[in-house]
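Visitor: Below is one structure. I have some questions about it.
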Amino acid sequence: MKKLILLFLFISFQFTKAQTPQKLNSSEIFENIQKLNFLGSVLYLAAHPDDENTRLISYFSNKLHARTAYLSLTRGDGGQNLIGPEIRELLGVIRTEELLAARKIDGGEQFFTRANDFGYSKTPQETLEIWNDEEVMRDVIKTIRKFQPDVIINRFDHRTPGTTHGHHTTSAMLSVEAFDEAANKNVYPEQLENVTTWQPKRLFFNTSWWFYGSQEKFDEADKSNFLTYDIGTYYPVKGISNSEIASVSRSQHKSQGFGNTSERGKSTEYIELIKGSYPENGNIFEGINTTWSRVKGGKKIGKVLKEVEENYDFEHPDKSLPQLMEAYQLIQKLDDKHWRKFKTEEISEIIAACAGLYLEANTSTEFATKNSTIEINLEATNRSSATIQLEGISFSNINKEIAINSALTNNDPFYKNISAEIPKNINYTNPYWLNEPSSLGMYTVTDKSLIGLPETPAPIQAEFVLKIDGKNISFKRDLVYKTNDPVKGEVFKPLAIVPEVSVALENSTLIFKDNQPKKVTVKVTAYKKDLEGNLSLNIPENWQVNPKNFEIKFKQKGASQSFTFTLTPPENDEEAFINPVFTDGDETFTQEVNVINYDHIPQQTVMLPAKTKVIKLNIQKKGNNIAYIQGAGDVVPESLQAIGYNVEVMEASEITSAKLKNFDAVVIGIRAYNTQQDLVYKQPILFDYVENGGTMVVQYNTTRGLKTQNLAPYSIHVSRDRVTDEFSKVNFLAEKHPVLNSPNQITHNDFDGWVQERGLYFPDEWSEEFTPILGMKDKGEEELKGSLLIAEYGKGYYVYTGLSFFREFPAGVSGAYKLFANILSLGK
């Protein structure tokens, strides 16, 4: 009989730091045993990080004990970052890890395709013109065949193209097609070397009132084909409700500002049957064998594990070890590779937890290089009465194996320190999808075995080989960097294999507005001792650099120093790239090692080519001093400094009439009216500034969460209108307006080379005081005129723009710089 006496009163649902090794408590062990005894699976499928319904994922994982996963077609690279400066590839890495952090909380697993989030798309047709639809479908089918879901649930409706983000509808359309194609042996037959064909039993659409336009319409809808779930269920063993788990899971999307307040009580989710038979009893797994008897040879396993579940002792989990070891050995004999593999993983960790086993392999080296020697500290502790023998430990990728043959007695730790050499042929630590150049729509992955994985496997793993009650079993643990932080205490981080040296340029874009030379700073960081070599700058033919190179000697690992070159542009306007090159005589290094470090995700090491776009641009400007009010975060201030402006970045709370008198223009950062409550109270001061002759430039805001509707001194209404085609034709609606003529002549060529989109969240209504400057549209749509609106107010100018300057500046789009300089020069 389970010993639950007063236990529930003391159980708290804890979420450990992302890097900390998992240690299951007694109730969590019991829940994992329940999952071990359930052989049903659900795959939730959508387009981006944050599209997943954490409430349903948590419900299926924690209430039904089903193996549950989320397949996100993209990694969210095309969005914005509310917690730091990382965008594009680095943002995709952050959002990948945020999804993994969310899954650790709600109990799901995570998969991806190679699709690149290129930004907003209005239709699935546009999406599939940029994505390689054949390859994305290949990845979706591979995930289905690998995961073998009994049920697939789409976040979006495949029947309503054009009503939401094109990526959204595309995810559902691909899922509907893949539902049947995954079972066809003639579809991507090369996959069948590693996975088998698979036919899911049911496909659903996770609908809600939102898809019907209103709660009233949804209430009137025919729901005879729906299943409904109260996902607000309370879990006494956890001391928390499903909705609360889902809120904490959702809150891991911190780069998107998706912190969620917990809710308690009843809450209903709806799923609509799209394919397969309708389960009349409301059980999503009706007619699907979810017991061990569904696997050949599994009936005996099920009998043993059922007894484990029924007789589990919460105070002495180790009493279950003999039967768990019996079941473990039976699982190893299964012919079905799919069930054998992941059920082995499940039961192994349950056995380790029941034995109170703590296994760790750590090093005091955060970054290691090829051919270097590292010290590895090993620990194995048995905190149970079980008879356990540590036979030996081996390591992946470093060809190291040591025999131990030592008994692990109760609570008596085994420690050992060894040295190991990092081999020359080991791969650098890097997100695998960033190892090769990508296209606008797809990442390139040469190693097909990695496709679908959320992240690159750890470079080195330690495999602890043990005997428990005389039976062999092994456990794998990543080799990690471990240190003690004076504030945080014990800190774990992934070990990273990096090049001997990192070369990093200070700026992603460098603009020369005349023939005067500029300084180019290269930061060199040594990841080995006694680094010697030559640093040079690879430049285009018409440019000049001085000095030609630097001779570098670093004694200490971790040493870092910046070196400054003087770069002189050519006479004529030109755009090109420069990159630093470090050579030690044997090898050449051209990459920057980027370290992403946030508390809610494990530290990430990303290597990208170091390069800067250099632009010789005869750009003119009027005025010098710019006040920049921060919004959701961008690099616009640095970009304006690059073309010669003096920019002071300030918070909205710092705005005063006296302070604004010092500035020629005030620029409001992106989404500032979504994030800065203080701006609401500062509007009168800002409008007075304009009336007295200043220029105020407001960049885009989203319609959701506006702190005020009074964005301008005149009437203006922000909509969701946008132009996603960065190549769309731009019409000049007010050709003689100063903004298109002074101090720089703007031509249609200035809209060449824009990236990701033209702009977003354009106003769709405005008062007659505003002059629309530009017209643009996506294919098949009406022309939009709200991308750039300018109004004279008193002696000054008020400007509202949804043009995506925050994307164009980092990409070094010359025309964007010229147009923004003209905006800032209004009235000067």
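Every number here is computed from the coordinates shown, using simple stated rules; none is lab data. It should be emphasised that the depicted structure is a prediction, and the values quoted were computed from it without experimental measurement. Backbone-built Cβ (ideal geometry, glycine too); neighbour counts: all protein chains shown.
Visitor: Rank Thr160, Pro569, Ser728 by how far each Cα sits towards the positive end of the charge dipole of the chain (+1 on Lys, Arg Cβ; -1 on Asp, Glu Cβ) and give me just the farthest.
Guide: With unit charges placed on the Cβ atoms, the residue in question is Thr160.
Visitor: Which lysines does Lys659 reach when only Cα atoms under 18 Å apart count, and residues fewer than 8 places away in its own chain are ignored?
Guide: Leaving aside lysines fewer than 8 places away in the same chain, those within reach of Lys659 are Lys682.
Visitor: If you take every DSSP beta bridge whose two residues both sit in the chain, what share of them, in percent to the nearest 5, is antiparallel? Display every interim value, and only then the final one.
Guide: On the way: 111 of 156 bridges.
So the antiparallel bridges amount to about 70 percent of the total.
Visitor: Taking R0 as 35 Å, what's the FRET efficiency between Ser438 and Glu782 from their Cβ-Cβ distance, rounded to 0.05?
Guide: Calculated value: 0.55.
Visitor: Under a straight-distance cross-link criterion of Cα-Cα below 26 Å, which lysines are reachable from Lys555, leaving out those fewer than 8 residues away in the same chain?
Guide: Here the lysines satisfying the reach criterion relative to Lys555 are Lys370, Lys424, Lys482, Lys493, Lys523, Lys528, Lys529.
Visitor: Once phi is turned into θ = phi - 60°, what whole-Hz ³J(HN,Hα) does the Karplus curve with 6.51, -1.76 and 1.60 give for every residue of segment 563-573, x standing for Gly and Pro?
Guide: 10, 10, 9, 9, 10, 10, x, x, 5, 8, 4
Visitor: Please figure out what share of the DSSP beta bridges in segment 625-824 is antiparallel and state it in percent, rounded to the nearest 5.
Guide: 55
Visitor: Assuming 0.36 nm per residue, please report the length gained on full extension of the stretch Asn646 to Lys333 beyond their Cα-Cα distance.
Guide: 105.5 nm
Visitor: Going by the alpha-carbon gyration tensor, a ≥ b ≥ c the square roots of its eigenvalues, is segment 40-277 rounded (a/c under 1.5) or, if a/c is not under 1.5, prolate (a/b greater than b/c) versus oblate?
Guide: Values: a/c = 1.32, a/b = 1.14, b/c = 1.16.
Judged from the Cα gyration tensor, segment 40-277 comes out rounded (a/c under 1.5).
Visitor: Please list the non-local residues whose amide H lies under 5 Å from the amide H of Ile404, H modeled 1.01 Å from N, same-chain partners needing a gap of 5 or more.
Guide: Answer set, sorted by chain and number: Gly392, Ile393.
Visitor: Given contacts defined as C-alpha pairs under 8 Å and at least six residues apart, what's the relative contact order of the chain, whole-number percent?
Guide: This gives 9 percent for the chain.
Visitor: Measuring from centroid to centroid over Cα atoms, what is the spacing of segment 140-182 and segment 409-477 in Å?
Guide: 31
Visitor: Beyond 18 Å, what percent of the Cα pairs of segment 501-616 remain?
Guide: 52
Visitor: Something else about it: Relative contact order of segment 476-519: what whole-number percent is it, with Cα pairs under 8 angstrom and at least 6 residues apart?
Guide: On the way: 21 pairs, mean separation 10.6, N = 44.
Result for segment 476-519 is 24 percent.
Visitor: Another question, if that's okay. With each pseudo-label sitting 7 Å past Cα toward Cβ, what's the Asn410-Glu134 distance in nm, one decimal?
Guide: 6.4
Visitor: In addition: Considering the options Phe475, Met325, Ser171, tell which one lies farthest towards the positive end of the dipole of the chain, charges being +1 on Lys and Arg and -1 on Asp and Glu at the Cβ, about the Cα centre.
Guide: Met325
Visitor: Using unit Cβ charges (K, R positive; D, E negative) and no other charged atoms, how large, in debye to the nearest 20, is the dipole of the chain about its Cα centre?
Guide: Roughly 1500 debye, rounded to the nearest 20.
Visitor: A follow-up question, please. Once amide H atoms are built 1.01 Å from N in the peptide plane, which residues 5 or more positions from Leu39, or in another chain, come under 5 Å H to H?
Guide: Thr291
Visitor: Rounded, prolate or oblate: which one fits segment 219-359, using the alpha carbon gyration tensor with axes a ≥ b ≥ c (rounded when a/c is under 1.5, else prolate when a/b beats b/c, else oblate)?
Guide: Values: a/c = 2.22, a/b = 1.40, b/c = 1.59.
Oblate, because a/c is 1.5 or more while a/b does not exceed b/c.
Visitor: Shifting gears a bit: What list of ³J(HN,Hα) values in whole Hz, one per residue of segment 281-288 in order, does the Karplus curve 6.51 cos²θ - 1.76 cosθ + 1.60 (θ = phi - 60°) give from phi, with Gly and Pro shown as x?
Guide: 8, x, 8, 4, 9, 4, x, 10
Visitor: Most exposed first by the Cβ proxy, i.e. fewest other Cβ within 10 Å, how do Trp292, Trp766 rank?
Guide: Fewest to most other Cβ atoms nearby, the residues stand as Trp766, Trp292.
Visitor: Under the rule of at least 5 residues apart or a separate chain, name every residue whose amide H is placed under 5 Å from the amide H of Tyr481.
Guide: Those lying under 5 Å, H to H, from Tyr481 are Thr363, Lys493, Leu495.
Visitor: Next question. With only Lys, Arg, Asp and Glu charged, each at its Cβ (+1 for the first two, -1 for the last two), find how big the charge dipole of segment 501-616 is about the Cα centre; round to the nearest 20 debye. It would help to have the intermediate numbers written out before the result.
Guide: Details: 13 positive and 15 negative charges, 78 e Å.
That gives segment 501-616 a dipole magnitude of about 380 debye.
Visitor: Under the definition of Cα pairs under 8 Å and six or more residues apart, what whole-number percent is the relative contact order of segment 145-194?
Guide: Value for segment 145-194: 29 percent.
Visitor: What shape does segment 58-128 have by the C-alpha gyration tensor, where a ≥ b ≥ c are the square roots of the eigenvalues, rounded means a/c under 1.5, and otherwise prolate means a/b greater than b/c and oblate the rest? Intermediate results must be reported in sequence, preceding the final value.
Guide: Numbers: a/c = 2.84, a/b = 1.52, b/c = 1.88.
The shape class here is oblate.
Visitor: Hey, what D do you get for segment 625-824 in µm²/s if you plug the Kirkwood alpha-carbon radius into Stokes-Einstein at 10 °C and 1.306 mPa s? Display every interim value, and only then the final one.
Guide: Numbers: Rh = 16.7 Å.
Diffusion coefficient, whole number: 95 µm²/s.
Visitor: From the helices alone, meaning DSSP H stretches of at least four residues, give me the mean residue ellipticity at 222 nm for the chain, per-run term -39500 (n - 2.57), in deg cm²/dmol to the nearest 500.
Guide: The helix contribution divided over the chain gives -6000 deg cm²/dmol.
Visitor: What is the antiparallel percent of DSSP beta bridges lying wholly in segment 40-277, to the nearest 5?
Guide: Percent antiparallel among DSSP bridges in segment 40-277 is about 35.
Visitor: What are the ³J(HN,Hα) values, in whole Hz, obtained from phi via the Karplus relation 6.51 cos²θ - 1.76 cosθ + 1.60 with θ = phi - 60°, for each residue of segment 61-69 in sequence order, with x given for Gly and Pro?
Guide: 6, 9, 8, 8, 6, 7, 5, 10, 9
Visitor: Which one of Gly79, Ser293, Tyr59 is farthest out on the positive end of the charge dipole of the chain, using unit charges on Cβ (Lys, Arg +1; Asp, Glu -1) and the Cα centre as origin?
Guide: Of the candidates, Ser293 comes out farthest on the positive side.
Visitor: Where Rh denotes the Kirkwood radius from the mean inverse Cα pair distance, what is Rg over Rh for segment 284-414? Don't skip to the end; give the middle numbers.
Guide: Details: Rg = 18.5 Å, Rh = 17.4 Å.
The Rg/Rh ratio comes out at 1.06.
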